[in-house]
Amino acid sequence: MDNIKDILEHNKHFVENREYEAYISDKFPQKKMMIVTCMDTRLVELLPKAMNLRNGDVKIIKTAGAIISHPFGSAMRSILVALYELGAEEVIVVGHHECGMAALNSDDMIHHMMDRGISDTVLNTIEHSGIKLTRWLRGFDNVEEGVMETVDLIRNHPLLPPGVPIHGMIIDPKTGALDLVVDGNKNLTSQS
Ligand SMILES: [Zn+2]
C-alpha cells in the first residue's frame, strides 16, 4: 500500500477533471460558526452530513476527543482567529459516543512510548521542566464531561469576545444523531 502514490494519482485526475469546481468557496464561514470536534475516523464525512455543513459553511478544528486543554495553545488561538478575523459568531464543541479519549489510559500510553524507544531520560527531563505527562495525555471519564470541560475553557477565556455563545453537542458516530448538552444561548442570557 502506497498512500502517497495513490493520493497524487487521484489528485491529478481531480484537478484535471475540474472536480474542485463543486467546492469553490472563500475563507469566511457562510454559517458564521466554528466547530470543535474529534479526529475520529467515523466523523470525517458523517459529521458534516449530519449537521448539514458544506464546503465554505464553517471553520472546523479537530483534536483527539474534541478536547482543548490549553487556554494559550494553537486550538484556542484558532478559535479566536475565527471569531475576531473571519466572521465566526458562535462555537459548537461536538464530542461523540465511543470516543477513544474516554478509554485512554495515560500510563499505558507512556509505556507504549517507552516500548518504542523513548528513554527514561527524555521522560524525566519533560517532567522536570514542569509538564505532567499523565495529566497532559489524559482524556475524560465520559464524553459529556469532556465536552463540558472544553465548553467551559472557551467560555471562560479572557480573550473571548463578549456575547459569543459556546454550545456543546454529542454525536452518535453510527447514526449521526445529535444531542445538545450545552445551549450556549441560554448561558448568555443567564450571564446578563
Ligand atoms: Zn473521539
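Values in this text are rule-based calculations from the coordinates and carry no lab data. What you see is a predicted model; the values in this text were computed from it and never measured. When we count neighbours, we look across all protein chains shown, and the Cβ atoms used for this are built from the backbone with ideal geometry, even at glycine.
Quick notes on this one:
- Computed on the Cα atoms alone, the convex hull of the range 39-192 gives a volume of 136 cubic angstrom per residue.
- Max mean-square fluctuation residue, GNM over the chain, Cα-Cα springs under 10 Å, options Phe140, Phe72, Phe28: Phe72
- Note: relative contact order over the range 131-192, using C-alpha pairs below 8 Å and six or more positions apart, is 25 percent.
- Pairs from Lys62/Lys174; Lys27/Lys174; Lys49/Lys174; Lys27/Lys62; Lys32/Lys62; Lys59/Lys186 whose Cα-Cα separation, in the structure shown, is over 21 Å: Lys27/Lys174; Lys59/Lys186
- Computed from the C-beta positions of Met1 and Thr41 and an R0 of 25 Å, the FRET efficiency is 0.95 to the nearest 0.05.
- Shape category assigned to the range 1-122 from the gyration tensor of Cα positions, a/c cut at 1.5: oblate
- Computed helical MRE - 222 nm, the chain, DSSP H runs ≥ 4 contributing -39500 (n - 2.57), nearest 500: -12500 deg cm²/dmol
- Relative contact order for the range 32-120, counting Cα pairs under 8 Å that sit 6 or more residues apart, in percent: 39 percent
- Percent breakdown of C-alpha pair distances by 5 Å bin, ordered from the shortest bin, for the range 35-104: 4, 15, 26, 25, 18, 10, 2, 0
- Based on alpha-carbon atoms, the Kirkwood radius and the radius of gyration of the range 1-60 give Rg/Rh equal to 1.04.
- Each Cα pair under 8 Å and six or more residues apart adds its separation to the average, and for the chain the resulting relative contact order is 23 percent.
- Shape class of the range 28-76 from the Cα gyration tensor (axes a ≥ b ≥ c, square roots of the eigenvalues): oblate, since a/c reaches 1.5 or more and a/b does not exceed b/c.
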